[in-house]
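One structure is given below, encoded as structure tokens.
Only the coordinates and a few stated rules stand behind these numbers; no lab work does. As the structure is a computational prediction, the values presented were derived from the model and not from experiment. Positions of Cβ are generated from backbone atoms using ideal geometry, with glycine treated the same way; all protein chains shown enter the neighbour counts.
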Amino acid sequence: MKKLKRSERLVDMTQYLLSKPHTLIPLTTFAERYGAAKSSISEDLAIIKDVFESEGLGELQTLAGAAGGVRYIPKLRKDHALRFAEELCQQLQQSDRILPGGYLYMSDLLGQPSLMNEAGKIIATVFADRDIDVVMTVETKGIPLAYATAAQLNLPVVLVRRDHQVTEGSAVSINYVSGSHKSIHTMSLSRRALKERSRVLIVDDFMKAGGTIQGMVDLLGEFNAEVAGVGVLVESGAVETEERLLEDYISLAILSDVDSKTKRITVNPGNYFEK
């Protein structure tokens, strides 16, 4: 790499850190990359650290010693997260989102990379300090959010299938009960997709009573895996507490009511903002 001015080096170093979240990078990597002394690199990192923290972009952790280095942890300040949640609620409250049967159309929002990246960053912030091996979701609508979250945590994504596919090889399948309709469904996971005793962050786009997520929790038991956390984009607030199958989870928005007659939708920031 050609010799860079300090201003250019700061820009390139920042981009390098942003592209490798939760990755320990030895100072020698930067020293060799820029042909600079470690003392100069340390000064540059101190500048970047101050900017990251003052602007609410995350943390820059420095580990001393021969095996040390620097690690970027993406985090979003709660006031910034709340502004995002309020904007999300406004979009969800658009009357033309109401579908027959009182359902809410969300697919267009799930297809917006910028929105999903921001939501993924919030969920990643909540679970940044936990020991996690993979992010899991069930096909299909939860996939964009799961990948956005995994990108911020620098983790792989595991997809649970509704129906077993022959291309998945040997798989574990279980039946689970839908928390809202009390009907029985099936989900499966390839034996190659998840190592035993993994710590798993479950992510989904919508949760009503929690039957699907509870099904994923039960499926993880077949792999002797552990749930490290649960994050959902939107939860239904129209479910009685005793009917909800999950207690330990975070949501970014709560859908309280959908009135098909008046075309009125009520959505508020999720339980993450109550903590």
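Below, the figures for the structure above:
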read-out: Test item: Cα-centred dipole of the chain, Lys/Arg +1 and Asp/Glu -1 on Cβ, debye; value: 880 debye
read-out: Fluctuation leader among Leu246, Leu189, Leu255 - the chain, Gaussian network, Cα springs under 10 angstrom; value: Leu246
read-out: For peptides 218-225, 53-60, 197-204, 1-8, sequence by mean Cβ density within 10 Å, most packed first; value: 197-204, 218-225, 53-60, 1-8
read-out: Percent RCO, i.e. relative contact order, over the chain, from Cα pairs under 8 Å lying at least 6 residues apart; value: 15 percent
read-out: Nearest 10 degrees, 0 to 90: helix 143-153 Cα axis against the chain principal axis; value: 30 degrees
read-out: Positive dipole terminus of the chain, leading residue within Val177, Tyr72, Ser236 (C-beta point charges); value: Tyr72
read-out: Angle in degrees between helix 78-92 and the longest Cα principal axis of the chain, rounded to the nearest 10; value: 40 degrees
read-out: Angle between the chain longest axis and helix 6-18 axis [Cα atoms, degrees, rounded to 10]; value: 30 degrees
read-out: Semi-axes of the equivalent ellipsoid for the range 120-275, Cα gyration tensor, largest first, Å; value: 26, 19, 13
read-out: 222 nm mean residue ellipticity, helices alone, for the chain (DSSP H n ≥ 4; -39,500 (n - 2.57); rounded to 500); value: -10500 deg cm²/dmol
read-out: Simple Cβ-charge dipole of the range 139-275, Lys/Arg +1 and Asp/Glu -1, about Cα centre, in debye nearest 20; value: 380 debye
read-out: Three-way shape label, the range 80-148, alpha-carbon gyration tensor, a/c 1.5; value: oblate
